[in-house]
Amino acid sequence: MHRERIHFRAPQRLDVEPELALRLFEFVARHGLRLSSEAEQRIEAAFPPSRPLPQPPAALAAAEGNARAAARARPPVRAMHDTCMLTAIFPNLPRSSAW
């Protein structure tokens, strides 16, 4: 974490461990912080809307439950929306600015 923004420790691992993005969003929810622009760019590059995940990672259920339980769940959902991660997980989800 630097200047109240969250960074990946090892961003290259995102290609082989997509659940790292989910854990990062969970961290955002728990601490009410924001992603760094570099972290956002890494997620956008790893999960472009044109390439949805074949199936959501198993970690999704746990991350979703934890994010919902977090008092400040809106920032990670917004970050997931901004980085197109929601579209990668849920390809039929309309892109809306209402998040």
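For (1) at pLDDT 80 or above; (2) part of a helix (DSSP H, G or I); (3) closer than 15 Å to Arg5 by Cα, each residue gets a yes or a no:
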| site | (1), (2), (3) |
| --- | --- |
| Phe27 | yes, yes, yes |
| Glu40 | yes, yes, yes |
| Pro56 | no, no, no |
| Leu60 | no, yes, no |
| Asn66 | no, yes, no |
| Ala71 | no, no, no |
| Ala79 | yes, yes, yes |
| Pro91 | no, no, no |
| Trp99 | no, no, no |
Of those in region 10-25 that are outside any helix (DSSP H, G or I) and more than 11 Å from the chain's Cα centre (by Cα), the residue modelled with the highest pLDDT is Ala10
Being small (Gly, Ala, Ser) and farther than 13 Å from Phe47 by Cβ is the filter here; which residues of region 5-37 pass it? Ala10, Ala29, Gly32, Ser36, Ser37
Considering region 23-45, residues that are of a type in the set (D, E, K, R) and more than 14 Å from Thr83 (Cα to Cα), and then whichever is surrounded by the most Cβ atoms within 10 Å (Cβ to Cβ), we arrive at Glu26
Against the condition without any contact (Cβ under 8 Å) to a residue 40 or more places away in the chain, of a type in the set (A, V, I, L, M, F, W, C) and surrounded by 15 or more Cβ atoms within 10 Å (Cβ to Cβ), how does Leu20 come out, does it pass? yes
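The values are calculated or read from the model by the stated rules, or taken from the named source; none is laboratory data. Just so you know, these numbers come straight off a predicted model, no measurement behind them. Cβ atoms come from the backbone with ideal geometry, glycine included; neighbour counts cover every protein chain shown.
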